[in-house]
Amino acid sequence: MRMLQYIQAINEALHEEMARDASVFVIGEDVDQNGGVFKATQGLVERFGARRVRGTPIAESAFTGLAAGAAMAGLRPVVEFMYFDFVGVAMDPLVNQMAKIAGMSGGQLQVPVTVRAQTGARTREAAQHSQSLEAWFLHTPGFKVVMPATSYDAKGLLKSAIRDDCPVLYIENRQLYYETESVPDGEWTTPLGVAEVAREGRDITVVAIGYARKLALSAAQALEGTVSVEVIDPRSLAPLDLETILNSVSKTGHLVVVHDAPASCGFGAEIVRRVVAQGFDLLDAEPLVVGSAHVPMPFSPPLEDACLPSAASLTAVIRKIINR
Amino acid sequence: MEPDLVIQMYRSMLTIRLFEEKVKQLYQAGEIAGAIHLSIGQEAVAVGVCSALRLDDAVFSTHRGHGHLIAKGGHLPEMVAELMGRQTGCSRGCGGSMHMFESRVGFMGGNGIVGGGLTLALGAAFAAQYRGRDGIAVAFFGDGAAQQGTFHEALNLAALWKLPYLAVCENNQYAATTPFVAAVPTADIAPRAAGYGIPGIVVDGNDCLAVYRAATAAVERARAGDGPTLLECKTYRVEPHCGIIADKRPKEELERWGRPDRDPLEHLRRGGGLSDAVISAAWHDVEAQLETAVTFARGSPYPDPAAFLREHANI
């Protein structure tokens, strides 16, 4: 075992997959300049050369479309979006092209692109650098979507994403970049579509997406002795391991979903929909979603904090549901 | 010019013309549903460019793409079957008119988004360069797409990385129903190439041999590693934008473009010195091929919805 930062885990996965498969290449803004803005691509250009590590002009639409076309031609591109928000200028190649080609071609072509998109909030970067836009892509047939919250999964899910034959949106969180945890030596993969029970409990199921896993574990800690909280990290949102969530709810009878994205029309609402559809009788109380306020994220620190979920706000919701 | 190549070009253009006329009939008879964009009048662009390509070169097409696929070597029975939504269609009934794919002949798909193919084609060009092969990628697009941001982004990146890329603007004078002059402040698109430091060439898009010569030079340049070319082919969309949209165009414009010497097929017949016997044999063969294709499509089953959902609905 060894200690590994989340950002180092991403970097390690890229190194390993590029060494394993010559068809894997990395493309995006600054990926060849000192390892990129957040150092995710550190050492790649020195090791694999400029042919396979392609720094681009600021042209998200072009390099995303290029990646889709290169994948149609048999390569395995890994696209970096410096900030998730920037997908706004590349929605056509993402949504109308990449996600549709396998279906439109009757399965004739596969588009094995991994799109790395860096999200996160609480860093005072305001409305155009703080969004969790996963619901846009979860609503688009043709994408798989993963959101690692640990170093272990940051590496394991990225390797699985690169090896998958579908477009995979890999959403990484900059607030977690410098978190360190103990991981095994060597290589591993985290399969797509398998949730993790991050903490076992008896009274309530908290499904925590991305960064919210940390909030949920803090809330569970704070409630220890009062409420026994089970925390489930789906890790993969599409495909979703609903079975693990239903098994947990069958034990606890209570459900709350927490994520940084707005609660309205978010993936939490979708998880609640599916649990209600398949496990209504398992619930002893109304299932709830905790998300951010439905506002363009404000800059001022007290305003931003007030708009986002926190361990304290989640704790209060859990107390309300359990009535303790 | 090789006589066999001229005959082949004529037959290919004739196949497009008669295919489109057949599609129009089948559409009006209700045998084909959806949105159909015909390329009658633009045959010389598709055939002139694709005649300069190899089978393994990649073509990315548009919403008006039947002609591109035929010119690249597409199979008529599977094309008609696709338009009729059958299991045997080239996209297994999942694509329709705007999303035909036939990757075995290097046809990487039509595209329902104007300007969408410009960036996808970058990827196929990139893949050829990445693997050290001399294949190239062609993006067909209209004068309408030249006003999209992807036009600029794609040409800039293709020029920057010297990708083996050919951007073919089919300037058919209309973006849906908006005339060229209402959308573009200059007479031509091609001079924009200077802004990317690449050749920009205007060619008579109804002269198949002229298109072929210009495309051949651009293809050679791309294969040699010297980068992309922007080729603007001046042509005219004879049919309305789409089967269902009414079309009001000036009578004198229609007459000007409708003169026999402006017709791509007639132009090649005269310029290529093709004999009546050759022309008549071509008509006979192509009509027979189309009959076979329509019979094949009519006799093909529709796809099975349950099997489709099993394969594609994976949530």
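Each reported figure results from applying straightforward, stated rules to the coordinates on display, with no laboratory input. Not measured: the values here are computed from a predicted model. Cβ placement follows ideal geometry from the backbone for every residue including glycine, while neighbour counts extend to all protein chains displayed.
Run B:A139 past the list (1) within 9 Å of chain A (Cβ to nearest Cβ); (2) farther than 25 Å from B:H312 by Cβ and report the number of the one that doesn't hold.
Here B:A139 clears every test but (1).
Looking at (1) surrounded by fewer than 22 Cβ atoms within 10 Å (Cβ to Cβ); (2) within 14 Å of another protein chain (Cβ to nearest Cβ); (3) within 20 Å of B:L231 (Cβ to Cβ), which is the one condition that is false for B:S51?
Status for B:S51: all satisfied but (2).
Filter the stretch B:107-136 down to the residues that are within 14 Å of the chain's Cα centre (by Cα) and surrounded by fewer than 24 Cβ atoms within 10 Å (Cβ to Cβ), then identify the one that is farthest from the other protein chains (Cβ to nearest Cβ).
My answer is B:V114.
Filter the stretch A:219-241 for residues that are closer than 17 Å to A:G253 by Cα, buried (at least 24 other Cβ atoms within 10 Å of the Cβ) and either among the small types (G, A, S) or out of contact with any helix residue (DSSP H, G or I) (no Cβ under 7 Å at 6 or more places or on another chain) (or both) and give the result.
The answer is A:A220, and nothing else.
For the stretch B:274-299, what are the residues that are without any contact (Cβ under 8 Å) to a residue 60 or more places away in the chain and outside any helix (DSSP H, G or I)?
Listed by number, the residues that qualify are B:S275, B:G299.
From the list B:M79, B:M98, which one is within 12 Å of chain A (Cβ to nearest Cβ) and in contact (Cβ under 8 Å) with a residue 40 or more places away in the chain?
Being within 12 Å of chain A (Cβ to nearest Cβ) and in contact (Cβ under 8 Å) with a residue 40 or more places away in the chain holds for just one of B:M79, B:M98, which is B:M98.
Results for (1) under 29 Å from A:R319 (Cβ atoms); (2) surrounded by fewer than 19 Cβ atoms within 10 Å (Cβ to Cβ), shown as yes or no for each residue.
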{"residue": "A:K144", "(1), (2)": "no, no"}
{"residue": "A:T150", "(1), (2)": "yes, no"}
{"residue": "A:S160", "(1), (2)": "no, no"}
{"residue": "A:E172", "(1), (2)": "no, no"}
{"residue": "A:V194", "(1), (2)": "no, yes"}
{"residue": "A:A198", "(1), (2)": "yes, no"}
{"residue": "A:G201", "(1), (2)": "yes, no"}
{"residue": "A:T205", "(1), (2)": "yes, no"}
{"residue": "A:L217", "(1), (2)": "yes, no"}
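Only strands (runs of 3 or more DSSP E) wholly contained in the stretch A:72-162 count here; list those with 3 or more residues that are under 12 Å from the mean Cα position of the chain (by Cα) and on the phi < 0 side of the Ramachandran plot.
The strands (runs of 3 or more DSSP E) meeting that bar are A:114-119, A:144-146.
Mind counting the residues in the stretch A:247-262 that are without any contact (Cβ under 8 Å) to a residue 60 or more places away in the chain and of a type outside the set (S, T, N, Q)?
7
Please identify the pairs in which a residue from the stretch A:105-126 that is over 30 Å from B:G93 (Cβ atoms) has its Cβ atom under 9 Å from the Cβ atom of a residue that is among the aromatic types (F, W, Y) and in a strand (DSSP E or B), counting only partners at least 6 apart or on another chain.
So the pair list comes out as A:R116/A:F81; A:R116/A:Y170; A:A117/A:F81; A:A117/A:Y170; A:Q118/A:F81.
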